[in-house]
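Remarks on the structure that follows.
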Amino acid sequence: MNTIETHVQYSSLMMTTTGEYMTQEDDWERDLLLDPAWEKQQRKTFTAWCNSHLRKAGTQIENIEEDFRNGLKLMLLLEVISGERLPKPDKGKMRFHKIANVNKALDFISSKGVKLISIGAEEIVDGNVKMTLGMIWTIILRFAIQDISVEETSAKEGLLLWCQRKTAPYRNVNVQNFHISWKDGLALCALIHRHRPDLIDYSKLRKDDPVGNLNTAFEVAEKYLDIPKMLDADDIVNTPKPDEKAIMTYVSCFYHAFAGAEQAETAANRICKVLAVNQENEKLMEEYEKLASELLEWIRRTIPWLENRVAEQTMHAMQQKLEDFRDYRRVHKPPKVQEKCQLEINFNTLQTKLRLSNRPAFMPSEGKMVSDIANAWKGLEQVEKGYEEWLLTEIRRLERLDHLAEKFKQKSTLHESWTTGKEELLSQKDYESASLMEIRALMRKHEAFESDLAAHQDRVEQIAAIAQELNELDYYDAATINARCQGICDQWDNLGTLTQKRRESLERVEKLWETIDQLYLEFAKRAAPFNNWMDGAMEDLQDMFIVHSIEEIQSLITAHDQFKATIPEADKERMAIMGIHNEILKIAQTYGIKVVGENPYTVLSPQDISNKWEAVKQLVPMRDQMLQEEVARQQSNERLRRQFAAQANIIGPWIQIKMEEISHVSIDIVGSLEEQMSNLKTYEQNIINYKSNIDTLEGDHQLSQESLIFDNKHTNYTMEHVHVGWEQLLTTIARTINEIENQILTRDAKGISQEQLNEFRASFNHFDRRNGMMDPDDFRACLISMGYDLGEVEFARIMTLVDPNNTGVVTFQAFIDFMTRETAETDTAEQVTASFKILASDKAYITVEELRRELPPEQAEYCIIRMTKYNVGDAPPGALDYISFSSALYGESDL
């Protein structure tokens with residue numbers, strides 16, 4: 001590219017009326033041959049100006065045409081002065097990487113309304129000093145001078161007018177341009193003295209000492225105003241016409257340092273107001289966090305107690321657990337229900353205040369959201385329900401275990417009593433020395449024993465079955481049961497073995513004997529089964545039972561009546577057996593036979609049969625009395641069921657009706673908000689007064705459980721259903737009252753009249769088809785009916801305000817918030833940031849001294865405690881970051 005093509009008219013860059021930058025060819029030869037003195041001044045000034053911004057990012061440049069060649073620091077400079085992010089730079093070191101980075105910077109400059117003519121990325125990458133200085137001057141004009149405005153003049157003219165007005169009262173100062181007017185240094189000193197008279201004694205300055213005046217201004221500006229030294233006093237004095245761009249660049253720094261000083265007081269007042277609101281909100285947030293933590297901690301402690309399902313070994317211990325659970329339901333849980341309701345009310349009130357002050361919604365600590373507390377409460381109630389069901393199941397199990405254990409002991413005692421001496425009897429060898437009659441008697445006696453043994457087989461199986469069921473139900477003394485059952489089974493097996501051996505012995509010698517007494521044998525054979533039947537009858541008549549309804553006890557009575565119907569037939573059998581014995585006596589008497597001793601074939605005597613028969617007859621009326629007593633108890637339980645059901649069937653529907661009435665109150669327009677509030681509180685008191693009916697029902701429920709009544713076919717309402725419905729009713733009326741309170745708070749804060757609120761309510765109700773909520777289509781129709789001209793983009797914006805969680809519905813509270821928010825004037829994070837920037841003299845940080853000087857003590861200390869350290873660039877120790885602090889006030893970043 002030749003010299004003509006590389007020519008850039010940056011020296012005469014001007015801003016058009018539309019805010020765009022263009023070039024014009026006013027002095028062709030001068031631009032081709034840039035004055036060396038001017039070039040030197042521009043290098044120094046532009047380098048210092050660039051470093052004043054780059055130091056905020058922790059870097060700087062040394063050679064302006066070299067350090068911008070790869071485009072990286074050029075892009076960083078534009079990001080710092082614009083506050084915007086540029087595209088990610090290319091990291092390569094090749095020429096095309098550098099050109100790509102510079103083009104990204106030039107594209108960004110062009111996007112800000114600047115037309116760059118003849119400035120290309122290749123010239124910057126090649127280190128063309130004219131192009132580089134022209135580009136930097138373009139950046140200075142756009143970002144440091146363009147926004148200067150004084151009385152409808154802007155940019156260069158505005159900056160000149162500002163300088164003229166500020167220096168007008170000073171002697172020997174006549175600012176007419178940005179070159180010769182500044183050579184003696186008095187204009188710069190006048191600017192500093194006008195705004196900071198404490199820094200320069202203007203009366204001691206002399207017009208004939210331009211170098212001293214300039215150096216004084218440079219040193220004071222650098223030391224106290226944070227304006228870096230961009231010019232050299234000797235260069236300015238020794239140059240016939242100092243470079244205009246260098247002077248403008250340096251003077252613009254004074255404008256930005258001083259122009260906003262008068263806004264400091266206004267900014268301080270704005271900050272105080274914002275901080276006061278924030279302090280109040282933080283106090284409410286802390287109270288919410290404390291109450292939420294305490295409630296969650298109570299739930300955390302209670303759930304493990306309810307999850308403890310370690311069963312007790314005795315019925316008394318389990319009943320004590322049930323009593324402890326009732327005490328928890330009556331005494332400990334109700335206050336926590338009230339705390340949960342109050343927590344939700346406090347949260348809604350806080351969110352309303354935050355919306356009215358244009359603050360972000362309060363986000364509690366992790367795990368402490370209202371939804372988290374509701375989930376924890378739901379988990380508590382689920383565990384609570386499971387715990388009650390487990391208690392009742394365990395009580396039934398222990399009741400069953402006690403019954404089975406007693407039954408096992410009774411049957412085992414009867415069996416052990418029967419087996420006493422049987423092993424010794426079977427082990428005798430009395431047949432070796434017995435007579436024929438005795439042998440026959442022994443054989444028949446043994447056959448009778450075998451019959452008796454077989455009859456007892458069923459009892460042994462019953463004992464084993466009961467022991468197995470006790471083990472399956474985890475009986476606490478199962479070891480003792482198992483040991484006793486094993487002993488019985490082992491003994492039974494041994495009896496079978498001994499019986500078989502004795503039979504074999506008797507059969508071996510039976511061939512040697514012939515005589516047998518048929519009558520004795522017949523008596524023994526019939527007496528043994530009958531005796532066993534009587535044993536079974538006595539066992540059944542003394543058998544324990546457990547029932548839970550009239551139907552079950554009636555079934556036992558029917559079985560008992562069937563047994564009593566068999567007694568006449570059994571009495572016939574008894575008479576037949578006794579007839580055999582009488583026949584023996586008759587034969588003996590008739591034939592003169594002397595009967596000595598007992599029947600050789602059985603140990604049973606007629607007296608044994610008679611005595612046991614009398615015992616059976618005595619047990620029958622005793623069994624009748626036990627069954628009738630149980631009938632009376634079951635009838636009493638049925639009365640308790642009906643008594644509970646009668647009240648539950650009234651209270652349950654009453655709660656449902658009240659819930660429906662409350663839902664209608666929330667959407668109907670009746671009177672002012674205060675009247676609605678008064679009516680709701682009266683309604684709430686009437687509901688609270690109904691609590692005595694719940695307590696009465698709880699008493700009936702307790703009587704039922706004490707009577708071990710676990711079901712009720714007369715009602716579908718359980719005490720748990722009533723408790724849940726009652727708690728939901730109290731919570732719903734409290735939430736409805738809170739909604740009216742928030743509407744009053746919104747009305748008073750936004751200056752909305754009762755008629756406007758009624759109009760909003762009427763419009764909402766007209767399009768409400770979901771009982772308190774509107775679909776997006778209904779909401780759009782509602783807004784159109786109220787005069788809104790909605791496009792798709794505008795409606796989408798409104799939906800993000802009224803439905804930030806994308807639930808697909810618009811509540812009345814969200815509708816009211818939107819209608820009031822549209823006309824409210826509120827502070828923003830940008831306004832607060834701009835106010836802090838004024839207090840900080842346009843710095844990106846603020847010092848502790850500046851905060852204490854500009855703000856009241858309480859507000860200043862509030863900021864000092866919460867602002868983070870500013871550690872970017874050459875910031876002094878103790879510098880504070882007011883930008884992130886301002887954003888955090890409105891939820892745009894974390895403090």
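Some points to look at:
- Cβ pairs under 8 Å, 6+ apart, first in region 47-60 and more than 17 Å from ILE140 (Cβ to Cβ), second not in a helix (DSSP H, G or I): ALA57/VAL872; ALA57/GLY873; GLY58/VAL872; GLY58/GLY873
- Of the listed requirements (1) under 33 Å from the mean Cα position of the chain (by Cα); (2) modelled with pLDDT under 80; (3) within 22 Å of ILE740 (Cα to Cα); (4) not hydroxyl-bearing (Ser, Thr, Tyr), ALA824 misses just one: (1).
- When LEU159 is tested against the conditions (1) over 30 Å from ALA259 (Cα atoms); (2) open to solvent by less than 40 Å² (accessible area, probe 1.4 Å), the lone failure is (1).
- Among the residues of region 848-880, those identified as surrounded by 18 or more Cβ atoms within 10 Å (Cβ to Cβ) and under 25 Å from PHE254 (Cα atoms) are GLU850, LEU851, GLU854, LEU855, TYR870, GLY873, ALA875, ALA879, LEU880.
- Any chance SER149 is touching a helix residue (DSSP H, G or I) at 6+ places or on another chain (Cβ under 7 Å), surrounded by fewer than 19 Cβ atoms within 10 Å (Cβ to Cβ) and among the small types (Gly, Ala, Ser): yes
- Among the candidates LEU604, LEU506, residue that is modelled with pLDDT under 85 and at negative phi: LEU506
- Test: GLU675 is open to solvent by 80 Å² or more (accessible area, probe 1.4 Å) and without any contact (Cβ under 8 Å) to a residue 60 or more places away in the chain: yes
- Any hit, region 525-542, residues being part of a helix (DSSP H, G or I), modelled with pLDDT under 80 and farther than 19 Å from ASP608 by Cα: no
- Criterion (outside the structural domain of LYS843 (by the TED database), among the β-branched types (Val, Ile, Thr) and farther than 26 Å from PRO36 by Cβ) met by exactly one of VAL251, VAL220, VAL211: VAL220
- Taking the listed residues THR731, THR746, THR715, the one that is β-branched (Val, Ile, Thr) and modelled with pLDDT under 85 is THR746, with no other qualifying.
- Residues (within 14 Å of ARG484 (Cα to Cα), open to solvent by 60 Å² or more (accessible area, probe 1.4 Å) and not acidic (Asp, Glu)) located in region 404-429: LYS409, THR413, LEU414, SER417
- Scanning region 567-589 for residues that are charged (D, E, K, R), out of contact with any Phe, Trp or Tyr (no Cβ under 6 Å at 6 or more places or on another chain) and at pLDDT 85 or above yields GLU569, ASP571, LYS572.
The values are calculated or read from the model by the stated rules, or taken from the named source; none is laboratory data. Quantities reported herein were computed from a predicted structural model and do not represent experimental measurements. As a convention, Cβ positions derive from the backbone with ideal geometry for all residues, glycine included, and neighbour counts pool all protein chains shown. The protein model used for the area step is the full one, side chains on, heavy atoms only, and it has no ligands, DNA or RNA in it. Shrake-Rupley method; radii C 1.70, N 1.55, O 1.52, S 1.80 Å.
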